[in-house]
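The values are calculated or read from the model by the stated rules, or taken from the named source; none is laboratory data. Note that this is a predicted model, so its numbers are computed, not measured. Cβ coordinates were reconstructed from backbone atoms using ideal geometry, including for glycine residues, and neighbour counts include every protein chain displayed. All accessible areas refer to the heavy atoms of the entire protein, side chains included, with ligands and DNA or RNA removed. Shrake-Rupley method; radii C 1.70, N 1.55, O 1.52, S 1.80 Å.
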Amino acid sequence: MFRPLYAAAANPSFLHRQRKHAICTTAFRLANAATDVWSFADEHSTMTKIVCTLGPSSDKIESVSALVANGMHVARLNFSHAGADYSYPEANLGLVRNAGGRHAELAAGSKMTMPNNLRAVLVDTKGPEIRTGPLQANAEVQEFGVGSIIEVTNEEVSNDDAPASPDGPHRLNIDYQSIATTLQVGSQILLDDGLIALEVTHVENNSVTCIALNAGPIKKNKGVNLPDAELDLPALTDKDKRDLKWSCEIGADFVAASFIRTASNVRSVKAYLDRCIAEMAPPADGSPAFLRPLVISKIESKEGVDNFDDVLRESDGIMVARGDLGVEIPFRKVFAAQKMMVEKCNKAGKPVIVATQMLDSMQRNPRPTRAEVTDVGTAVLDGADAVMLSGETAAGTYPIESLQAMRMIVQEADAIFDGSPSLNRVNVNESLVDTSNIQEDQCLHAVAKSSVKSARDLGAKLIIVITASGKVARIVASHRPTVPTLAFCTDPQVARRLQLHRGILPVMLQSDLDPLARGTHMATLRAEAMRTAVELGFARAGDRVITVDRTVGHPQDMHHHSFNMKMSTLKAV
């Protein structure tokens, strides 16, 4: 059941209070720009993260630097139409890694080598898609008339004569071998994102006969969707395996696995990535060992929605891929599926990205439509950890303007979300507890929950987390903090993998001390973290901050380790 965020009828004063709060929040931010944490820290910061797709409109150093400067947290590399030559995506990845960010500023006063930025890279695989093959007579385009008869087959048809007219009869090749066993009379086949709908009237050994429900043109290599059908497709194609291996070799932070339908699909992707990492030689320079990219499962079919609970359990995160999803299930059900998935991800403490056509009109226009603004804002208020720009930044006319518009919408929604207790979920979620170490996880959740509640109750400017593996930061994020949470890390890989979590800002810890080593004085690391927070402009003298960390016990102690929360007021240096 969905949370009644929008149920004004059930609570008549709700809408009035939310409007009043939004107006007051905006007025406060304008009147107090000198003291608002976002204003003096980074006017381009957002609590909800923004994913930008790189492409022809954004594949130059100037464009990528502008995306980084204007609030991009994760760069998406789309492999749907990429070939075996990796020079283009590798160049784009290099642009992201080399673009100057906040860490470039820290490097000037640091004794340590600092990365230019901690923007993450997400590799989006093509997945096991079904597509049309070469057309009859190798034509570039074939016109289907309403009511025309079409034989859909896995046999080659390019040597056939072209049909005399749009009325057919037609033959159409698709690259799916199990079409006759998957479909039945009455099933639908949707071509080219649903622009042409076919209904099955007869099933044979390796083909189905259909009637066209509407007219339109079709070309080769167009997408084919089989709504409500359980597909006989592998979790990974040969192309996917090549792309995943490359992703491990270049150090991608996330992999978006396309067309995930079952939990076993997710396990197959993770197992293959683990094998790729195991085959890699350890870093020669003594840097930390390579980490497996985190798997973000893309839900874009009815089967994926039906099996969502099991898929979520195996996944590191979820992407609500509304493009294909809106073809695979009735479009009127997409918004409900989106809300269900976002809510369940929040409860599981796993990041969720809402994607596809969020500001689609900005591929052509410099301003978004009112409906698009509402779409983005609603996704944030529903609890999305991240929102994504696809064609807007990859191929649109206004890539930077699209990001700026997205950022401004997100900032407004963030202000409402973080200022309204009714929109915040701060509960210890038993499903998050690691049953293999239940006592430790319960303690960590209790401390994380207390830090989030204390930050709100005491008006703290930020939460500071010192984490080696990222686990402490992820669990703090799962309790939906309402102030920025600076996660100080010792490994850039760990830091970048936190970029999809709402409210978490990863920062490199400027110290040679190992937070996990016995004998490390955490007070020294806390002081350095606070010093960096002041340097970055997230806090100043007189501000309250909360620190969360894990310390290892000394041999004379009566405990192995402890989780700590401290409340401090910064003093002038």
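In the range 134-162, which residues are under 23 Å from His81 (Cα atoms) and surrounded by fewer than 17 Cβ atoms within 10 Å (Cβ to Cβ)?
Listed by number, the residues that qualify are Pro134, Asn138, Ala139, Glu140, Val141, Asn154, Glu156, Ser158.
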In the range 485-506, is there at least one residue being acidic (Asp, Glu) and at pLDDT 90 or above? yes
Answer with yes or no whether Lys220 is under 30 Å from Val269 (Cα atoms), at pLDDT 95 or above and open to solvent by 40 Å² or more (accessible area, probe 1.4 Å). no
Is it the case, given these coordinates, that Arg544 is in contact with a Lys or Arg (Cβ under 7 Å, 6 or more places away or on another chain), of a type in the set (D, E, K, R) and either open to solvent by 20 Å² or more (accessible area, probe 1.4 Å) or under 26 Å from Gly317 (Cα atoms) (or both)? yes
Candidate set from the range 53-64 (those that are open to solvent by less than 40 Å² (accessible area, probe 1.4 Å) and not hydrophobic (A, V, I, L, M, F, W, C)); member that is nearest to the chain's Cα centre (by Cα): Thr53
Cβ pairs under 7 Å, 6+ apart or interchain, first in the range 469-489 and on the phi < 0 side of the Ramachandran plot, second among the aromatic types (Phe, Trp, Tyr), ordered by first then second residue, are Pro484/Phe538; Leu486/Phe538
If you check Ala523 against the conditions, is it farther than 23 Å from Ala348 by Cβ and open to solvent by 40 Å² or more (accessible area, probe 1.4 Å)? yes
Quick one: is Gly94 under 22 Å from the mean Cα position of the chain (by Cα) and not hydrophobic (A, V, I, L, M, F, W, C)? yes
Within the range 98-128, can you find the residues that are at pLDDT 90 or above and surrounded by fewer than 18 Cβ atoms within 10 Å (Cβ to Cβ)? Asn98, Lys126
Give me the pairs: first residue in the range 47-65 and over 14 Å from Leu77 (Cβ atoms), second residue part of a strand (DSSP E or B) and open to solvent by 30 Å² or more (accessible area, probe 1.4 Å), beta-carbon distance under 6 Å, and six or more apart or on different chains, which are they? none
Only residues in the range 534-547 that are over 17 Å from Lys453 (Cα atoms) and assigned to a loop (DSSP other than H, G, I, E, B) count as the first member; pair them with residues that are aromatic (Phe, Trp, Tyr) and open to solvent by 10 Å² or more (accessible area, probe 1.4 Å), Cβ under 9 angstrom, at least 6 apart or cross-chain, and list the lot. Gly537/Phe40; Phe538/Phe40; Arg540/Phe40
Any chance Glu230 is surrounded by fewer than 17 Cβ atoms within 10 Å (Cβ to Cβ) and modelled with pLDDT of 95 or more: no
Matching entry among Asp360, Asp385, Asp375 (being touching a residue at least 12 places away in the same chain (Cβ under 8 Å), open to solvent by 30 Å² or more (accessible area, probe 1.4 Å) and touching a Gly at 6+ places or on another chain (Cβ under 9 Å)): Asp360
